[in-house]
Structures are given as C-alpha cells and as structure tokens.
Amino acid sequence: MLSKANFLKILDIIAEMFPRAHGELRSDTPFQMLIAVILSAQATDKGVNKATPALFAKYPDSKSLALADISDVESLIKTIGLYHSKAKNIIRTAEMLETDFGGELPHDKDLLQKLPGVGRKTANVVLGDAFGIPGIAVDTHVERVSKRLQLVKQSATVTEVEDKLMKVVPESEWVVTHHRLIFFGRYHCTARSPKCTLCPVLPYCKFGEKLSIQ
Ligand code: SF4
C-alpha cells in the first residue's frame, strides 16, 4: 500500500498537471446542478451538457419540472442513457423538493439522498460544488485512480475509498481533490489506455511500472 506521504506527493503532482480542474457539468443554479448530476450517472458530462440547455430552458426550476409531462422530459433527454428512469427520477425529485423542502435543495447529505436518483456520490458533488460543503465524491475515475495508486485495497468499496481519501487529504482540499482526481482519471490515467510512459507519477505507481515493461 502507498504511504500517506507519497500519496500527498502524488496529489501535488496531479494538482500541477490539472491546476484548473473543476466540475464540467453546466448549470446555472444548485437545482440545475442536481438535475445534471442525476442525469450524468453512467453517461458522459459532454452528453449531459448537450441535452440540458433545452431541458433547463423549458424547466429551469423544481416548480416547473414537478409539473412536467414525462414524455416531454423523455424527448428532451433521450440522447442520455437510461433516459426513461432518469426522466421519472428528475420529475419525482422536483416534486419532492416542492412538497417536502419548500422548493429549496437541502444542504444535508442524508436529506439529499432521500431524493430519487440521488446517491452518496451525487449528494457529495452537489454539496461541494453548489454550497462549498466539503466532501469527496467517488466516481469511476476516483475509484480507479485510488486503486491503481494502491491508496486502498483493490477490493475496497466506494465508501471505503471515500473514507480513506477523507482521512488522508485535509478537509479544505476535499472538493478540489475530487475534481483533480477526476481530471487525472478522465484525461490521463484513463481506464483503457493510461499514459504511463508520460506519467510524472510513474515512480510511485506499481501498476504503471508493470504496464510500462509489458
Ligand atoms: Fe495511471 Fe500509469 Fe500514471 Fe500509474 S503510471 S498513475 S497507471 S497513468
């Protein structure tokens, strides 16, 4: 397993590689961010960003989306995977925000997770990016990079990855670390063809060493 000191060194290197890492889903309000993150499950941010301008132009807030016709919402998001269930979830989420939360997003992880389609990762992303509440959302990139770098056991669950990262990284850096690890995983240490031979992290990475000598 990687030591804490070495992992922090790696994070510094990744910070230099991606100094402007940020959330790539477009939204104008916390509500729209929540909807975009729900839509992004098992889909690319690019694909979501193509669909949401028309969706948000017609249904900019929970009040309007709660009253939407599901077939209309489906037609607006049909380019996104799993759009049938996502259309149902975002309308139901808008309804719950109106009926249970006075049209406001709760600033609380447990309450957010009561909304349809909102899991731990989505709640962490929204709390961090919309309200600046520290958290580390573990998506597929964060999980893969953490395992390749042996910060956690290969068998670690998403929650174990999140707990370990929160233990090692100072709280003030949680949100930005989440974005940096996503950029690193999305644009450099990719699932199918990680750029190991060009990687400044290679001296610390057994996974990359093995790949490089194959
Ligand atoms: Fe990823 Fe390869 Fe770099 Fe390791 S050396 S972090 S596997 S790109």
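The values are calculated or read from the model by the stated rules, or taken from the named source; none is laboratory data. Keep in mind that this is a model prediction, so the values were computed, not measured. No Cβ is skipped: glycine too gets one built from the backbone with ideal geometry, and neighbour counts run over all protein chains shown. Heavy atoms of the whole protein, side chains included, go into the accessibility calculation; ligands, DNA and RNA do not. Shrake-Rupley method; radii C 1.70, N 1.55, O 1.52, S 1.80 Å.
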Worksheet item: Among (1) over 26 Å from Val152 (Cα atoms); (2) without any contact (Cβ under 8 Å) to a residue 24 or more places away in the chain, which single condition is Phe31 missing?
Response: (2)
Practice prompt. Please tell me if Ser193 is within 15 Å of the ligand (Cβ to nearest atom), open to solvent by 20 Å² or more (accessible area, probe 1.4 Å) and of a type in the set (Ser, Thr, Tyr).
Written response: yes
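Would you be able to tell me the number of residues in region 135-146 that are in a helix (DSSP H, G or I) and touching a Lys or Arg at 6+ places or on another chain (Cβ under 8 Å)? Before the answer, list the steps.
Residues of region 135-146 in a helix (DSSP H, G or I): 140-146.
Applying the additional criterion that residues be touching a Lys or Arg at 6+ places or on another chain (Cβ under 8 Å) yields 141, 146.
Residues flagged as in a helix (DSSP H, G or I) and touching a Lys or Arg at 6+ places or on another chain (Cβ under 8 Å) within region 135-146 amount to 2.
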Fill in: Yes/no for Pro200 being within 14 Å of the ligand (Cβ to nearest atom) and assigned to a loop (DSSP other than H, G, I, E, B)
yes
Discussion item. Given (1) in contact with a Ser or Thr (Cβ under 9 Å, 6 or more places away or on another chain); (2) more than 11 Å from the ligand (Cβ to nearest atom); (3) modelled with pLDDT under 95, identify the lone condition not met by Gly208.
Written reply: (2)
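Does at least one position in region 153-175 carry a residue that is assigned to a loop (DSSP other than H, G, I, E, B) and within 16 Å of the ligand (Cβ to nearest atom)?
Step one: filter region 153-175 for residues assigned to a loop (DSSP other than H, G, I, E, B), giving 153-157, 169-170.
Those still in the list that are within 16 Å of the ligand (Cβ to nearest atom) too: 154.
Yes, the conditions are met somewhere in region 153-175.
Right, Leu127: closer than 25 Å to Val161 by Cβ, at pLDDT 95 or above and hydrophobic (A, V, I, L, M, F, W, C) or not? Working first, answer last.
Numbers: closer than 25 Å to Val161 by Cβ: yes; at pLDDT 95 or above: yes; hydrophobic (A, V, I, L, M, F, W, C): yes.
Yes; evaluated as a whole, the condition is true for this residue.
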Discussion item. I need every pair where a residue in region 188-209 that is of a type in the set (Gly, Ala, Ser) has its Cβ under 9 Å from the Cβ of a residue that is within 7 Å of the ligand (Cβ to nearest atom) and outside any loop (DSSP other than H, G, I, E, B), sequence separation at least 6 or different chains.
Written reply: Gly208/Arg148; Gly208/Cys196; Gly208/Leu202
